[in-house]
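Notes for the one structure printed next.
The values are calculated or read from the model by the stated rules, or taken from the named source; none is laboratory data. These figures come from a predicted structure and were not determined experimentally. Note that each Cβ is placed from the backbone with ideal geometry, even for glycine, and that neighbours are counted across all protein chains shown. Surface accessibility is based on the protein's heavy atoms, side chains included, excluding ligands, DNA and RNA. Shrake-Rupley method; radii C 1.70, N 1.55, O 1.52, S 1.80 Å.
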Amino acid sequence: MDQPSGRSFMQVLCEKYSPENFPYRRGPGMGVHVPATPRGSPMKDRLNLPSVLVLNSCGITCAGEENEIAAFCAHVSELDLSDNKLDNWHEVSKIVSNVPHLEFLNLSSNPLNLSVLERTCAGSFAGVRKLVLNNSKASWETVHTLLQELPDLEELFLCLNDYETVSCSPVCCHSLKLLHITDNNLQDWTEIRKLGIMFPSLDTLVLANNNLTTIEESNDSLSRLFPNLRSISLHRSGLHCWEDIDKLNSFPKLEEVRLLGIPLLQSYTTEERRKLLIARLPSIIKLNGSVITDGEREDSERFFIRYYMGFPQEEVPFRYHELITKYGKLEPLAVVDLRPRSSAKVEVHFKDKVEEMSIRLDQTVAELKKQLKTVVQLSTSNMLLYYFDHEAPFGPEEMKYNSRALHSYGIQDGDKLFVEPKSK
């Protein structure tokens, strides 16, 4: 039987790990030594390859000699074949069937949609626990065939496959814990709910960059659909109302949520987004990758009460009443202006004269002296200026540094300035 044209898996493997390229490799299980053999002779000695093989972007189109794959790869547990030219599941099967301890397989960006996966071929994948099919355009029929033959599959990656719908498998996959299905075109919740039916043990669901617009499901039904869901990512989805956020409380084990870049939150400040989300989701312990401390939760829930206390009753969410029961009715926070004062009214004392005047506090001592020249009839070079804070215990303070800003003295309305001529 003729081999398909192109580079084989075995050819690439021998080239990458040849003794000329790798006379030795440091690290456990990384030594490489291949005794010289005549061209075309069978490989008699096993190559001590690493257990993790990365052969991405190598132009691989076919398997090559299966007996050599078996000799080279008996101990390999992880295999990255992404971004190659594999377009035939039969060739992939010939590789995988000769890697008996394979647990991780990455087939991303191979044109495998060009062939049909027969169930007899899918059986060779039986030991795989983590399978990556991103940008492979694998059909749901192919996914279902794999699911039926992978009894221990725990993680599945189906990103960038242009899915607009989800097709239910005839059998449930109870082993799957993590599903990445980002960057597709899943906009309708009726499609997402099928994932709960297919994967009832799902722990982590990553739906980022799907334009999901709403969660149309009753609370009771949601709890049954995803009974074990602990983490969900809805980054850059199309969610646009708070009712959809409230629906997340129906997942009984949910404790981690990612919700960046959704239309609902665009009009809020960064602080408002985080605090309003935390207050609405009482069971989560991590939001957008950051742990929620007990202190942050209490601050957020109190913020939530104050945020909604001025809203009309019909617009106040139910969560507001729950938090009123927890904290009671709170007083609005006092508005404190922390900006530095811009001016002050002071008494200027010179000899027996007292004059009230308003001075700018953003000016320097030198600039103030210029302002006082006409009041006290002294030149700035012949002027001694003292500031008297009636609360200060040590009496007047000489304002001797001409470049010092007035606001740094803490001058208040009613304070006194004393001017004296320099003694000759």
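What the table below lists for this structure:
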{"quantity": "Residue count for the stretch 103-116, restricted to those that are open to solvent by 10 Å² or more (accessible area, probe 1.4 Å) and not polar (S, T, N, Q)", "calculated": "5"}
{"quantity": "Top-ranked residue in the stretch 383-405 [being open to solvent by less than 90 Å² (accessible area, probe 1.4 Å) and farther than 17 Å from residue 349 by Cβ; ranked as nearest to the chain's Cα centre (by Cα)]", "calculated": "405"}
{"quantity": "Residues within the stretch 253-269 that are out of contact with any His (no Cβ under 8 Å at 6 or more places or on another chain) and closer than 22 Å to residue 178 by Cβ, tallied", "calculated": "5"}
{"quantity": "Condition met for residue 92 (in a loop (DSSP other than H, G, I, E, B), surrounded by 14 or more Cβ atoms within 10 Å (Cβ to Cβ) and either modelled with pLDDT under 95 or under 41 Å from the mean Cα position of the chain (by Cα) (or both))", "calculated": "no"}
{"quantity": "Conditions (1) on the phi > 0 side of the Ramachandran plot; (2) within 20 Å of the chain's Cα centre (by Cα); (3) acidic (Asp, Glu): number failed by residue 155", "calculated": "(1)"}
{"quantity": "Those residues of the stretch 350-382 which are under 10 Å from residue 419 (Cα atoms) and buried (at least 16 other Cβ atoms within 10 Å of the Cβ), in sequence order", "calculated": "350, 369, 372, 376, 378"}
{"quantity": "So residue 129, is it surrounded by fewer than 22 Cβ atoms within 10 Å (Cβ to Cβ), over 22 Å from residue 76 (Cα atoms) and of a type in the set (Lys, Arg)", "calculated": "no"}
{"quantity": "Scan of the stretch 71-83 for residues that are open to solvent by 10 Å² or more (accessible area, probe 1.4 Å) and either farther than 11 Å from residue 49 by Cβ or touching a His at 6+ places or on another chain (Cβ under 7 Å) (or both), ordered by number", "calculated": "75, 77, 78, 80, 82, 83"}
{"quantity": "Given (1) surrounded by 13 or more Cβ atoms within 10 Å (Cβ to Cβ); (2) over 59 Å from the mean Cα position of the chain (by Cα), number of the condition residue 410 does not satisfy", "calculated": "(2)"}
{"quantity": "Residue match in the stretch 147-154 (condition: of a type in the set (S, T, N, Q), closer than 30 Å to residue 231 by Cα and in contact with a His (Cβ under 7 Å, 6 or more places away or on another chain))", "calculated": "no"}
{"quantity": "Condition check for residue 49: in a strand (DSSP E or B) and in contact with a Cys (Cβ under 9 Å, 6 or more places away or on another chain)", "calculated": "no"}
{"quantity": "Test: residue 345 is open to solvent by 30 Å² or more (accessible area, probe 1.4 Å), more than 30 Å from residue 242 (Cα to Cα) and at pLDDT 90 or above", "calculated": "yes"}
{"quantity": "Single residue of the stretch 163-192 satisfying the filter (under 24 Å from the mean Cα position of the chain (by Cα) and farther than 24 Å from residue 104 by Cα) that is surrounded by the fewest Cβ atoms within 10 Å (Cβ to Cβ)", "calculated": "185"}
{"quantity": "Residues being of a type in the set (A, V, I, L, M, F, W, C), in a helix (DSSP H, G or I) and over 20 Å from residue 241 (Cα atoms) - total across the stretch 316-332", "calculated": "2"}
{"quantity": "Which numbered condition residue 219 fails, given (1) surrounded by 14 or more Cβ atoms within 10 Å (Cβ to Cβ); (2) closer than 29 Å to residue 188 by Cα", "calculated": "(1)"}
